[in-house]
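Below is one structure; the comments refer to it alone.
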Amino acid sequence: MIIAASFMFLYSILFPAHTVAAPHPTDLIQSVIRQQMNAFNKDDYATARTFASAGLRQRFSKERFEMMVKSGYPQIAKSHLVSFEEILFSDDNQAAVATVHITGKDRVTVIARYLMVLEGDAWKINGVMILEEIQPIRLSREVKFPLPPSSFINHSDSIRFEKVPIRSTPAAILLWKSSWTARNGRTGDENPADPGREEMSYE
């Protein structure tokens, strides 16, 4: 008995127990949001609804919840890329705000603010607000970038960037509509002294 006790004491010294650190609330919140988006992508709205707060579940039935997400949050309903900004917590750590960049399957990117609330020991989604919507730049035809220098010399080419109206983002992302035409050889409106001139106009 004494030998066994001594062995256990020596073992505890040589191989101390490793305590597993509890996940940080930031990781837990990101996990909840990602799990809900995975459920949305699978059209599993019953599971997706379980990540909502008790108040939202009481307010929205499964059918109303699905209709609300599909009609009001199409990029969240079918997401392709997700990235997180810093998550801010309340003074009592019972609530948090997560800013999330979400690109949908339609290639539209939204900046969403998730309102999180701690219910028991689990974080739940208590609401989502879309802060910004950024439309993709569409080309009039498929073009591979970067274009080789020969494209501007040996070929007539036309590339159009279409403007999509967006509001200013905190990062001051600016998009504009431009029409870029590169011509080879002389035409009637070109400067004879500069036959290889490239014209760029902003509309």
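Values in this text are rule-based calculations from the coordinates and carry no lab data. Just so we're clear, the structure is a prediction, and the values are computed from it rather than from any experiment. Using ideal geometry, Cβ is built from the backbone for each residue, glycine included, and neighbour counts are taken over all protein chains shown.
Cβ-Cβ distance of Ala22 and Leu81, R₀ of 25 Å, FRET efficiency by 1/(1 + (r/R0)^6): the value works out to about 0.30. With Cα atoms defining each centre, region 28-55 and region 70-136 are spaced 11 Å apart in the structure.
Computed from backbone phi, the HN-Hα couplings of region 76-85 come to 6, 5, 9, 9, 10, 10, 9, 9, 10, 8 Hz, rounded to whole numbers (Karplus: 6.51 cos²θ - 1.76 cosθ + 1.60, θ = phi - 60°; Gly and Pro given as x).
Between Arg107 and Gln135, the contour length at 0.36 nm per residue exceeds the alpha carbon distance by 9.3 nm. Residue pairs exceeding 18 angstrom between C-alpha atoms, taken from Lys42/Lys62; Lys78/Lys124; Lys42/Lys105: Lys78/Lys124. Given points 7 Å out from each Cα along the Cα-Cβ axis, report the Met67 to Asn41 separation in nanometres with one decimal. Placing both labels 7 Å along Cα→Cβ, they lie 2.8 nm apart.
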